There are 2 protein chains.
Amino acid sequence: MNNLNNNFNISEIITRKRDGLELSTDEIQYFIDGYVKDEIKDYQAAALLMAIYIRGLNGRELADLTQIMMLSGDHISLDDIEGKKIDKHSTGGVGDKVSFIVSPLVAASGVKVPMLSGRSLGHTGGTLDKLESIPGMNISLDTDAFKRVLKDVGMVICGQTANIVPADRKLYALRDTTATVNSIPLICASIMSKKLALGTDGMVLDVKTGSGAFMRKMEDSMELCKTMVATGEKAGRTTIGLITDMDQPLGNNVGNSLEIMESIEALKGNGPADLMEVTFHLGAAMLMAAGVETDFNQAMVRLEKALKSGEPLRIFREFIAAQEGNAAVCDDYSLFPQCKFQEPLKAKSTGYIEKIDAYEVGMAAIDIGAGRRKKEDAIDYGAGFVFHKKVGDKIKKGEAILTIYTNNPGCIEGAKERLKKAILISDEKVSKPKMVHFMLQKQ
Amino acid sequence: MNNLNNNFNISEIITRKRDGLELSTDEIQYFIDGYVKDEIKDYQAAALLMAIYIRGLNGRELADLTQIMMLSGDHISLDDIEGKKIDKHSTGGVGDKVSFIVSPLVAASGVKVPMLSGRSLGHTGGTLDKLESIPGMNISLDTDAFKRVLKDVGMVICGQTANIVPADRKLYALRDTTATVNSIPLICASIMSKKLALGTDGMVLDVKTGSGAFMRKMEDSMELCKTMVATGEKAGRTTIGLITDMDQPLGNNVGNSLEIMESIEALKGNGPADLMEVTFHLGAAMLMAAGVETDFNQAMVRLEKALKSGEPLRIFREFIAAQEGNAAVCDDYSLFPQCKFQEPLKAKSTGYIEKIDAYEVGMAAIDIGAGRRKKEDAIDYGAGFVFHKKVGDKIKKGEAILTIYTNNPGCIEGAKERLKKAILISDEKVSKPKMVHFMLQKQ
């Protein structure tokens, strides 16, 4: 502990949080610095994380933790790029391909969209994995290339190559093995420290709620949304939070190349209603966060007009090409990795689709090769599901609810069994779910 | 995790306790087995310990944890030794030399007293350190020697050489660095698992309360006492708990050889009132636990008679000799390690001693060399304090409250400063404290 402030002691810091007391800025700094330097041990950090999990953090402690974690690594300045820069972040779900649609839509309206994204986690797909289903696509850009693509194209999506928030990498790995992942302040600090390390003008947070979200209950999603918006605003960034539905998969396609294809179709004006509703809302919030629109409905109209102009599809092609991918996929889907096996899942009865459990769909996607069980697992980029019916749709006995795509026929029966249990059909009429539940912004 | 039951998962166990749920016997078994085998990591154990600290354990979980910890190591059977075997355990304090007086007293009444003791911890002295101030004394007996001394002499006190409760050794070291020491269920499981690994007929628990105790508040001491008695009884051992005063040091002497000398004086009939009150109560409880007396007052009378007979002093000499110590110390205190420096602490005013903070006295004893700051530190066996006045005693300005004994004159001033702050003198008459607050036994 020679390099650390000698006025502090990790045992006393753990004791204070254990007993429900507030930690000072300096105490939080001492913890993060010491942990990054390995001077504070994993077992001490684990005890403190559990105390934080149970006792919580107040707004001031959380803002400090986020800021201090952010400062543990590099900051990417975007000041030398003209225009407003707005980031969008989703807390993760099943079938969530909004980034691929909203980014060119918003870019077409003159706002730049820089995104540092991640891989699949648990039952959810990963933005980077989906992009890698495009032949040639490079998602490992260094900071200069990241900025160049953003400047030239108006959007960029890649993985973190700079040393952004090393504190989060260590803490996340520890949380993952100590039952301290699902803590609202710890989730918030983890997400927001990374978002704040990128020099945007503001950000829009898509907090998912429902069976396929990490926060299944509306109450918890609201709390996480509130906490993240407050933390972003405290750090001086315009931050708008939306709570959107993740009780069934978003859109019709689940799986890496299937989701990219659905995104291209959406950019051609053929997106399914639920997906487009979420996309337009998030895009409108991004235009508001950028300050280019002040009226939400006006912002929605602007995005609809932009979509019709074809400009977003042009930007998406340019984005693929700028990151070394084959933009011809936009016109020829046979250039994507293909699947040898297709199998429909047929309805057992006539009625209305009542529920499609998004978590189970995500797990079934892993079963057929579209996701990873372990970090080292290879992905079958073509594997996934195409839903022909969604919640509220009428269906006849024997009609296909969805089609399974895979290269591994041995896993089809297991996936069908899981999906059968995950999908409920009701005799009575079921209404389509509301897609956007709340929007939260500082007034 | 190949050797462990595959139906369990440490993350799920941590999650359950984190959320305040009850752990099953098998889950506790899985945790202890896995941790002892290093298959469960320190950071996972730390997260679980913090969850237990905050959420607690119910009686069933605690009894299971204690039993499973006990079974993680060896059991010492005493079945082949005739007579009742009763152990006494103190939760630790300052000036607590009761073991050296009560063991021969109870042994003189025909009950065998086997004790496995420890070293100094924090501000408290250690039974083994005190014994080692007797020239030649061997406190490392193997199981056979331990049983032979018990059988021949009627009492034995030594350290753990057998592999008793390895789970506790690992857990205690971890608790010490993760702010999870002061948890009533964890303290109880730590103490009782070790006590139950020794095949006694019953035990008496001396739970200290006050400034020099680990549990300073009566409420916490009561809770710990209740918990330990219930755990002992659940394991089928007659267990009696007493809550005794540790708000000022017990007796007049604090320090290793000084406490042994005071014990010998007590066995000669010259013990101070507070020390003898605690000793007789604990001894009477031991006779009751052994079933050789059913009436508490009768038991007290029996011990007083035994003391007058001189038999306990004879047993103590025999005990010293049996463990290779020089029993001549009982008649010639100059055989103990001596101190070159003696310094009185004089009263600043006339009045009545109102308070002698036992924690601060313990810390001052470490300052002058009687205890350890770090595990590796050497002890000055002769160093310590002899109190001439205790709480309730009248004192004149300039009169010595106590005498400091040390071989390190450089530390005297610091110790005096600390002691001055720890001792309060009142103008008004102060009554002598009650020494034994409660006795708890199953009816």
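The values are calculated or read from the model by the stated rules, or taken from the named source; none is laboratory data. Quick caveat: nothing in here was measured; it's all calculated off a predicted structure. Note that we place each Cβ from the backbone using ideal geometry, even for glycine, and neighbour counts take in every protein chain shown. Each accessible area value is taken on the protein alone, full model and side chains, heavy atoms only, with ligands, DNA and RNA left out. Shrake-Rupley method; radii C 1.70, N 1.55, O 1.52, S 1.80 Å.
Does residue A:52 satisfy the criteria of being within 14 Å of chain B (Cβ to nearest Cβ) and in a helix (DSSP H, G or I)? Don't jump to the end; show me each part of the working.
Working: within 14 Å of chain B (Cβ to nearest Cβ): yes; in a helix (DSSP H, G or I): yes.
Yes, satisfied.
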Item to complete: Give segment B:214-246 a look and list any residue that's surrounded by 20 or more Cβ atoms within 10 Å (Cβ to Cβ) and among the acidic types (Asp, Glu), or say none.
Response: B:245
Worksheet item: For segment A:423-438, what are the residues that are assigned to a strand (DSSP E or B) and open to solvent by less than 50 Å² (accessible area, probe 1.4 Å)?
Response: A:423, A:425, A:426, A:436, A:437
Discussion item. Among (1) buried (at least 24 other Cβ atoms within 10 Å of the Cβ); (2) more than 14 Å from chain B (Cβ to nearest Cβ); (3) of a type outside the set (Asp, Glu); (4) assigned to a helix (DSSP H, G or I), there is one condition residue A:93 misses while meeting the rest; what is its number?
Written reply: (4)
Practice prompt. Would you please list the contacts, defined by Cβ atoms under 9 Å and residues six or more apart or on different chains, that run from a residue in segment A:396-422 that is at negative phi and small (Gly, Ala, Ser) to a residue that is in a strand (DSSP E or B) and open to solvent by 70 Å² or more (accessible area, probe 1.4 Å)?
Written response: A:400/A:346
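Residues are listed down the side, and each one gets a yes or a no for (1) outside the structural domain of residue B:366 (by TED's automatic domain parsing); (2) open to solvent by less than 40 Å² (accessible area, probe 1.4 Å); (3) touching a Gly at 6+ places or on another chain (Cβ under 8 Å); (4) polar (S, T, N, Q):
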| position | (1), (2), (3), (4) |
| --- | --- |
| B:106 | yes, yes, yes, no |
| B:137 | yes, yes, yes, no |
| B:148 | yes, no, no, no |
| B:151 | yes, no, no, no |
| B:156 | yes, yes, no, no |
| B:159 | yes, yes, yes, no |
Item to complete: Output yes when any residue across segment A:62-69 is within 30 Å of residue A:20 (Cα to Cα), of a type in the set (Asp, Glu) and away from chain B (no Cβ under 14 Å), and no when none is.
Response: yes
Worksheet item: Looking only at segment B:314-341, which residues are out of contact with any Pro (no Cβ under 7 Å at 6 or more places or on another chain), of a type in the set (A, V, I, L, M, F, W, C) and either modelled with pLDDT under 95 or open to solvent by 10 Å² or more (accessible area, probe 1.4 Å) (or both)?
Response: B:321, B:322, B:327, B:328, B:339
Worksheet item: Within segment A:57-79, is even one residue outside the structural domain of residue A:172 (by TED's automatic domain parsing) and without any contact (Cβ under 8 Å) to a residue 24 or more places away in the chain?
Response: yes
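Could you say which residue among B:64, B:38, B:26 is over 24 Å from residue B:143 (Cβ atoms) and not in a helix (DSSP H, G or I)?
Numbers: B:64 fails: not in a helix (DSSP H, G or I); B:26 fails: not in a helix (DSSP H, G or I).
Matching residue, one of B:64, B:38, B:26: B:38.
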Discussion item. Given the options A:369, A:382, A:410, A:392, name the one that is out of contact with any helix residue (DSSP H, G or I) (no Cβ under 9 Å at 6 or more places or on another chain), assigned by TED's automatic domain parsing to the domain that holds residue A:345 and either part of a loop (DSSP other than H, G, I, E, B) or crowded, with 22+ Cβ neighbours inside 10 Å (or both).
Written reply: A:392
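Do we have residue B:361 as more than 30 Å from residue B:173 (Cα to Cα) and open to solvent by less than 40 Å² (accessible area, probe 1.4 Å) here? First the steps, then the outcome.
Working: more than 30 Å from residue B:173 (Cα to Cα): no; open to solvent by less than 40 Å² (accessible area, probe 1.4 Å): yes.
Judged against the criteria, residue B:361 is not a match.
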Response to the item:
Conditions (1) touching a helix residue (DSSP H, G or I) at 6+ places or on another chain (Cβ under 7 Å); (2) open to solvent by less than 10 Å² (accessible area, probe 1.4 Å) -> residue A:166 fails only (2)
Discussion item. Within segment A:31-44, take every residue that is in contact (Cβ under 8 Å) with a residue 60 or more places away in the chain and more than 7 Å from every other protein chain (Cβ to nearest Cβ) and give me the one that is surrounded by the most Cβ atoms within 10 Å (Cβ to Cβ).
Written reply: A:32
Practice prompt. Output the qualifying pairs, or none if there are none: Cβ atoms under 6 angstrom, residues six or more apart or on different chains, first residue in segment A:12-30 and facing chain B (nearest Cβ under 9 Å), second residue at pLDDT below 95 and open to solvent by less than 50 Å² (accessible area, probe 1.4 Å).
Written response: A:14/B:179; A:15/B:179; A:18/B:179
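For residue A:84, state whether it is basic (Lys, Arg) and either open to solvent by 20 Å² or more (accessible area, probe 1.4 Å) or within 14 Å of chain B (Cβ to nearest Cβ) (or both). Give the derivation first.
On the way: basic (Lys, Arg): yes; either open to solvent by 20 Å² or more (accessible area, probe 1.4 Å) or within 14 Å of chain B (Cβ to nearest Cβ) (or both): yes.
Spelling it out, residue A:84 is indeed basic (Lys, Arg) and either open to solvent by 20 Å² or more (accessible area, probe 1.4 Å) or within 14 Å of chain B (Cβ to nearest Cβ) (or both).
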Fill in: Residue tally, condition under 20 Å from residue B:145 (Cα atoms) and either outside any loop (DSSP other than H, G, I, E, B) or acidic (Asp, Glu) (or both), over segment B:102-129
11
